[in-house]
Amino acid sequence: MEQLLAPVRGFLACETPDAWIEKAKDPGVLQSILVDHCNCELKAAQTALFLIRKYAVDPEYSSALLAWAKPYEEFVYHKDRDMKAFLARTGKKNELATELKPKSGVAFGDELIARMVRLIKEEFHHFEQVLEIMHARDIPYTNINAGRYAKGMMSHVRTSEPATLVDKLIVGAFIEARSCERFAKLAPFMDEELERFYVSLLRSEARHYQDYLTLAEMIAGENIDQRIAYFAGVEAALIQGADDEFRFHSGVPNT
């Protein structure tokens, strides 16, 4: 595990503050952690879907991509939700209905599609795994508002292409790397089932951040170390700053 985490920790500019870990150890916030974890998995999948739709394929493929995400979005956004029925439905392997082909003139299309489709599959599966744990523990899914972390990162994305796409991919890398680091930090303080689950997620999360970075470097066509360093500072400030709401990617708890 340490070998896997070493490059992740080297990529991030700071570790998770001890105050966040102390708060996360409180059994009273477990429901919030699990619900927000669900949301993070879905948002990661939605982000990857958006990148494919916007940058890599013609509109004809949008309906298949949206249909792939529909069961998960319906569950999260509809108040009248049935966790057991959802798990029974998605447990039958919700797959992308068609093979995606990149639109002409996009040199990175094949690579972006391949890496993002694999990421989406894994994020949907992780979403289901979290819900299964919640269902077994009689923990309901409840709607909670998003924290400031992702919005804070995205507010620094440049507004002209291809810089916009490069920055979005770098942001994606930091979000995945922070997730990986937090799973490792949380695992020793969780019960046996959750500890095994969080450790099992480390490998995929570590690969996700590397996929995002690989794509960013490919599309930029130049060294992006300076831009990575910029976002490392932004990310560290968000993680080390005070937060009124406790979330999976929140900063130092105010209470």
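The values are calculated or read from the model by the stated rules, or taken from the named source; none is laboratory data. All of these numbers come straight from a predicted model, not from anything done at the bench. Every residue, glycine among them, receives a Cβ derived from its backbone with ideal geometry; neighbour counts consider all protein chains shown. Heavy atoms of the whole protein, side chains included, go into the accessibility calculation; ligands, DNA and RNA do not. Shrake-Rupley method; radii C 1.70, N 1.55, O 1.52, S 1.80 Å.
Things to note:
- For LEU65, the conditions (1) hydrophobic (A, V, I, L, M, F, W, C); (2) free of Cβ contacts under 8 Å to residues at least 40 places away in the same chain; (3) open to solvent by 50 Å² or more (accessible area, probe 1.4 Å) all hold with the exception of (3).
- Residue check for LYS54: closer than 23 Å to ASN145 by Cα and charged (D, E, K, R): no
- LEU194 satisfies every condition listed in (1) touching a residue at least 40 places away in the same chain (Cβ under 8 Å); (2) closer than 18 Å to GLU2 by Cα except (2).
- Lone qualifier among TYR198, TYR230, TYR209 - being in a helix (DSSP H, G or I), among the hydroxyl-bearing types (Ser, Thr, Tyr) and open to solvent by 60 Å² or more (accessible area, probe 1.4 Å): TYR230
- When the test is whether a residue is more than 17 Å from MET154 (Cα to Cα), touching a residue at least 24 places away in the same chain (Cβ under 8 Å) and surrounded by fewer than 17 Cβ atoms within 10 Å (Cβ to Cβ), ARG203 passes it.
- For the range 160-189, taking the residues that are of a type outside the set (S, T, N, Q) and not in a helix (DSSP H, G or I), the one that is surrounded by the most Cβ atoms within 10 Å (Cβ to Cβ) is identified as PRO162.
- Restricting LYS93, LYS70 to those that are without any contact (Cβ under 8 Å) to a residue 24 or more places away in the chain and on the phi > 0 side of the Ramachandran plot reduces the list to LYS93.
- Filtering the range 125-135 for residues that are polar (S, T, N, Q) and closer than 17 Å to LEU42 by Cβ leaves a non-empty set.
- The residues in the range 79-102 that are more than 23 Å from the chain's Cα centre (by Cα) and open to solvent by less than 50 Å² (accessible area, probe 1.4 Å) can be counted, and the count is 1.
- Number of residues in the range 235-255 that are among the aliphatic types (A, V, I, L, M), open to solvent by 20 Å² or more (accessible area, probe 1.4 Å), in contact (Cβ under 8 Å) with a residue 24 or more places away in the chain and out of contact with any Asp or Glu (no Cβ under 8 Å at 6 or more places or on another chain) equals 1.
- Subset of the range 1-21 that is open to solvent by 70 Å² or more (accessible area, probe 1.4 Å) and modelled with pLDDT under 95 - its residue that is farthest from ARG196 (Cα to Cα): ARG9
- Selection status of SER104, among the hydroxyl-bearing types (Ser, Thr, Tyr) and part of a loop (DSSP other than H, G, I, E, B): yes
- Identity of the residue in the range 103-136, open to solvent by 50 Å² or more (accessible area, probe 1.4 Å) and small (Gly, Ala, Ser), that ends up nearest to LEU194 (Cα to Cα): ALA136
- Condition met for ARG148 (at pLDDT below 95, open to solvent by 80 Å² or more (accessible area, probe 1.4 Å) and in contact with a strand residue (DSSP E or B) (Cβ under 8 Å, 6 or more places away or on another chain)): yes
Listed here are the residues, each with its yes/no results for (1) at pLDDT below 95; (2) under 16 Å from the mean Cα position of the chain (by Cα); (3) β-branched (Val, Ile, Thr).
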{"position": "ARG178", "(1), (2), (3)": "no, yes, no"}
{"position": "GLU181", "(1), (2), (3)": "no, yes, no"}
{"position": "SER200", "(1), (2), (3)": "yes, yes, no"}
{"position": "GLU205", "(1), (2), (3)": "yes, yes, no"}
{"position": "HIS208", "(1), (2), (3)": "yes, yes, no"}
{"position": "THR214", "(1), (2), (3)": "no, no, yes"}
{"position": "GLU217", "(1), (2), (3)": "no, no, no"}
{"position": "ALA220", "(1), (2), (3)": "no, no, no"}
